Amino acid sequence: MLIFACRQLPFTDYAERFNNGNYFSNKSFLHLSHNFLHVTIVNTILMKKWFFMVLFALSFAGFSQEKFTVSGYVKDGKNGEALIGATVSKKGTTIGTSANEYGFYSLTLPKGADTLVFSYVGYPSVTQAIDLQGNLTLTIEMKEEGKELEEVVVSSEREDKNVKSMEISVAKLDIKQIQKMPALFGEVDVVKSIQLLPGVTTVGEGASGFNVRGGNIDQNLVLLDEAPVYNSSHLFGFFSVFNPDAVKDVKLIKAGIPAQYGGRASSILDIRMKEGNNKKLEVNGGIGTIFSRLSIEAPIIKNKASFIIAGRRSYIDVLAKPILKQRMPSLKDAKFYFYDLTAKLNYIINDKNTIFVSGYMGRDVFGAGFKFNWGNTTASLRWNHIFNTKMFMNLTTFYSNYDYELGFSDDGTGQKFEWRSNIINYSLKPDFIYYLNSRNTIRFGAQAIMFNFSPGRAVVTTKEGNNIDISLNNKYGLESAIYIDNEQKVTEKFTVQYGIRWSFFNYLGAGTAYSYRDTIPNESKPFDHETTYKNGQTIKQYNNPEPRLSLNYVINDKSSVKLSYNRNAQYLHIVSNTAASTPLDVYTPATNNIKPLIADQVAMGYFRNFRDNMFETSAEVYYKYMQNQLDYVDNADLLLNKHLEADLIQGIGRAYGLELYVKKRTGKLNGWVSYTLSKTERKVRGISNGDWFLSKYDRTHNVNTVLIYDLNKRFSFSANFVYMTGTPATFPNAKLEIQGYVIPYNTDNKRNNYRNTSYNRLDVGVTYNFKKNETRRWKSTLVLSVYNVYNRRNAFSIYFRNNPDNPVNTEAVRYSVIGTIVPALTYNFKF
């Protein structure tokens, strides 16, 4: 137990060293991470001691009777996968617990005979008699019901979890349901499915990422097996980077964010990969219109070690090459494709130790007289350790790298331009769960993340052959945090989860920090002086307490009221002033000129189930207040500008709204309907006359409908309908005519004073299940999908130009990314 070997130095000793700015001098980044993690873990232990004292006082009456603990794992008997969120309860009572992200559970009960019930939707409940005369280890493997799981359920949760759990503003999608939803070019897409949930939007087709409750895409922490993914899209936002054949669990958290998560202001998208079938060989694949995919999973040592490897590759370039060669010879060598590879290995060392190794590598490549490519690489190593029946640990270390490359060349003159940029993370994160008793579950831990920002390594080659280096200096940062929280069942009806995360950020050398003088609003700040810092020296330091609180009052078995508050600090910003994010966007840390983004959010909801939990409904309201929102002066220069921070300004923001949600969970017809009424605004000194103005992510109305109908074992039909208010835009309200040319301008200096036209779209799909080949265990499906059924040309943006034939006249031009029907056919197989 490495943390108990740490020397307990007073926190004030470290704080004094940090404040004088010399603690990091002349130390390697690895040493920095080690030292900061040392202090965070030590103080986690101290917090834990204080917290335990309080909890023991609160729960003292519960220890009057001798008790023991039963613990273990809940797994799928077919493939050995952990059943995340499976419930374990004492029969006939409300006493129970849920399996964690690794399928581990722990439940403390009085000494003697009892009966446990293990439940998971789509699986028959397992009843197990036990006689607790001491602590007991019990692992259960559950078998799926005879009927195919995907034919009868929408999500893999217990039927009343939305009512009785602490989760508020949380959505969990079952991968089997995602695979049935109609999608662009028939390709199953995790991120596109997320955008059909209440409170989640996008600025338009072809835009990377997603927006949650008015936040920018950089305000979403997207995790793949706990490693961050900075660009979650292929092909400029048309497809996500996550291979559905390798995904096990998809969870989006919009509010009530638990203390173990941090670093982003708006949401957490936690994606868990499959461990790999540890019972037998399993192969999944698909051949589609745009790309094909294949995954292989199998045991290495049966019931002990397994792996999964999954890959995808598009072949637009292969199909188009003969056509381009014949009709457009200049583009015969053009490159435009993407690929990704996902892999994972797990090994159960013994009953107390399991290790997981997972990785992802993906890339988009474009080139037609130029070079343009970008991609993500992640790797994570996790160690699960069970100290005893009450204490569970997961230790994670990960590496994440997002990079892009852009290049142009002129063969005739020899002139060239090359630009590379990336952001690299290294992290160490120990997480602990202590199951104090049946009423208290405590989570605590720490994290250290080292950042290496490379905003631009750029070289220009002149026609004389001279290389001109216009690169920007790298930036470095160290983000660390400690956290602790407790989920406490106060009474049979009232549960509270309370905790705190304390985050720290150090903007580090080596590098040059620029200082600027203040100026009039909406003008670039004039340069004042620069200071050079050594390797590892602290340039600027921030720390923020981030309290978290969630309450749940269960009115009855079918309904409850929930309330949450959370504060989140974000120490990195995306630098982009375009209508939609692109792969060329640059990340920058909080610096001596840029403060971290702080978001406070309150959410309240009423949750109600009907007809034996067949229908799940909720109504939620939220209010989010954001400080230090990043914005830009007019005509800001964002491209390879070493004085970029002079063009950046910060203001405040607010987002508030109502989300209504109705979901049918079981039966032949299932799906959901959601409606969001919301408003997102910003206020920045010097912009829009200093008044509140609409954020470019604001959408007043948002309606999503998802329906899936299983006609029989062979046919399944699905449909999606989306309606959203148009995004805000800045349009001129007047024009000047000078020498026969028209110059549009805005007389009132208002930003985002108009809106683009509304967005609406209908998609449909049909899935045909071929008869299963029992001899070969071969199972296959054919999916026909039609995207944008009624051929609507949704406006991505609207811009104005002079009429080519009569320059005195101004005309509005609508730009649509997809303005036609898109049919697709995909063949999927499994054996």
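Within the range 792-831, being exposed (fewer than 14 other Cβ atoms within 10 Å of the Cβ), at pLDDT 85 or above, among the aliphatic types (A, V, I, L, M) and not in a strand (DSSP E or B) holds for one residue alone: I821. Y790 fulfils the conditions (1) out of contact with any Leu (no Cβ under 9 Å at 6 or more places or on another chain); (2) in contact (Cβ under 8 Å) with a residue 12 or more places away in the chain except for a single criterion, (1).
From the list Y533, Y516, the one residue that fits, being open to solvent by 30 Å² or more (accessible area, probe 1.4 Å), farther than 21 Å from R439 by Cα and touching a Lys or Arg at 6+ places or on another chain (Cβ under 7 Å), is Y516. When each of L549, L584, L597 is tested for being open to solvent by 10 Å² or more (accessible area, probe 1.4 Å), within 27 Å of L658 (Cβ to Cβ), touching a residue at least 24 places away in the same chain (Cβ under 8 Å) and among the aliphatic types (A, V, I, L, M), the lone residue that passes is L549. The set of residues from the range 458-480 being under 19 Å from T413 (Cβ atoms), in a strand (DSSP E or B) and open to solvent by 40 Å² or more (accessible area, probe 1.4 Å) comprises V459, V460, N467, I468.
Take L784 and decide whether it is under 32 Å from the mean Cα position of the chain (by Cα), open to solvent by 40 Å² or more (accessible area, probe 1.4 Å) and farther than 30 Å from N162 by Cα. Break it down stepwise before answering.
Details: under 32 Å from the mean Cα position of the chain (by Cα): yes; open to solvent by 40 Å² or more (accessible area, probe 1.4 Å): yes; farther than 30 Å from N162 by Cα: yes.
Taking the combined requirement at face value, the residue satisfies it.
For the range 630-682, taking the residues that are among the aromatic types (F, W, Y) and farther than 20 Å from T588 by Cα, the one that is least open to solvent (accessible area, probe 1.4 Å) is identified as W672. Can you name the residue in the range 657-687 that is touching an Asp or Glu at 6+ places or on another chain (Cβ under 7 Å) and assigned to a loop (DSSP other than H, G, I, E, B) and, of all such residues, is modelled with the lowest pLDDT? In this case the residue turns out to be R665.
Among residues that are in contact (Cβ under 8 Å) with a residue 24 or more places away in the chain and closer than 29 Å to L138 by Cα, F392 is included. Residues that are free of Cβ contacts under 8 Å to residues at least 60 places away in the same chain, open to solvent by 60 Å² or more (accessible area, probe 1.4 Å) and not aliphatic (A, V, I, L, M) number at least 3 in the following strands (runs of 3 or more DSSP E) confined to the range 688-744: 715-724. Could we say that V742 is more than 29 Å from the chain's Cα centre (by Cα) and of a type outside the set (F, W, Y) here? Criteria met by V742. Going through the range 87-124 one residue at a time, which ones are of a type in the set (G, A, S), within 32 Å of the chain's Cα centre (by Cα) and either in a strand (DSSP E or B) or at pLDDT 90 or above (or both)? Those that are of a type in the set (G, A, S), within 32 Å of the chain's Cα centre (by Cα) and either in a strand (DSSP E or B) or at pLDDT 90 or above (or both): S89, G96, S98, A99, G103, S106, S119. Is it fair to say A569 is at pLDDT 95 or above, assigned by TED's automatic domain parsing to the domain that holds T202 and under 26 Å from I253 (Cα atoms)? It is true that A569 is at pLDDT 95 or above, assigned by TED's automatic domain parsing to the domain that holds T202 and under 26 Å from I253 (Cα atoms). Within the range 233-255, if we keep just the residues that are farther than 30 Å from G77 by Cα and modelled with pLDDT of 95 or more, the residue that is nearest to the chain's Cα centre (by Cα) turns out to be K254.
Among the residues of the range 297-319, the ones that are open to solvent by less than 60 Å² (accessible area, probe 1.4 Å), under 24 Å from Y827 (Cα atoms) and not aromatic (F, W, Y) come to 9 in all. Would you check if there is a residue in the range 410-417 being open to solvent by 30 Å² or more (accessible area, probe 1.4 Å) and modelled with pLDDT of 95 or more? Within the range 410-417 (the criterion being open to solvent by 30 Å² or more (accessible area, probe 1.4 Å) and modelled with pLDDT of 95 or more), the answer is no, since none of the residues qualifies.
Taken over the range 595-618, the criterion of being under 20 Å from S550 (Cβ atoms) and under 23 Å from the mean Cα position of the chain (by Cα) is satisfied by I598, A599, D600, Q601, V602, A603, M604, G605, S618.
Restricting to the range 560-578, name every residue that is farther than 17 Å from Q627 by Cα and under 21 Å from the mean Cα position of the chain (by Cα).
Keep residues of the range 560-578 that are farther than 17 Å from Q627 by Cα, which gives 560-564, 576-578.
Residues satisfying the conditions are S564, S576.
Specify which of the listed residues (S559, S550, S581) is touching a helix residue (DSSP H, G or I) at 6+ places or on another chain (Cβ under 6 Å) and in the same structural domain as N376 (by TED's automatic domain parsing). Only one candidate passes the filter, namely S581.
If the condition is being open to solvent by less than 20 Å² (accessible area, probe 1.4 Å), more than 22 Å from the chain's Cα centre (by Cα) and not aromatic (F, W, Y), then the range 500-512 contributes N506, L508, G509, G511. For the range 301-394, the strands (runs of 3 or more DSSP E) that sit wholly inside it and include 3 or more residues that are within 30 Å of Y435 (Cα to Cα) are 335-350, 353-367, 370-386.
Sub-6 Å Cβ pairs linking a first residue in the range 419-432 that is more than 26 Å from N473 (Cβ to Cβ) and in contact (Cβ under 8 Å) with a residue 24 or more places away in the chain to a second residue that is among the aromatic types (F, W, Y) and outside any strand (DSSP E or B), at least 6 apart or interchain, number zero. Of the residues in the range 320-336, not one is within 30 Å of A458 (Cα to Cα), open to solvent by 40 Å² or more (accessible area, probe 1.4 Å) and modelled with pLDDT of 90 or more. Of the residues making up the range 195-224, those that are crowded, with 24+ Cβ neighbours inside 10 Å and at positive phi are G199, G209, R213, G214.
The values are calculated or read from the model by the stated rules, or taken from the named source; none is laboratory data. Treat the numbers as computed from the prediction; the structure is a model and nothing was measured. Glycine gets a Cβ as well: all are built from the backbone with ideal geometry, and neighbour counts include every protein chain shown. The protein model used for the area step is the full one, side chains on, heavy atoms only, and it has no ligands, DNA or RNA in it. Shrake-Rupley method; radii C 1.70, N 1.55, O 1.52, S 1.80 Å.
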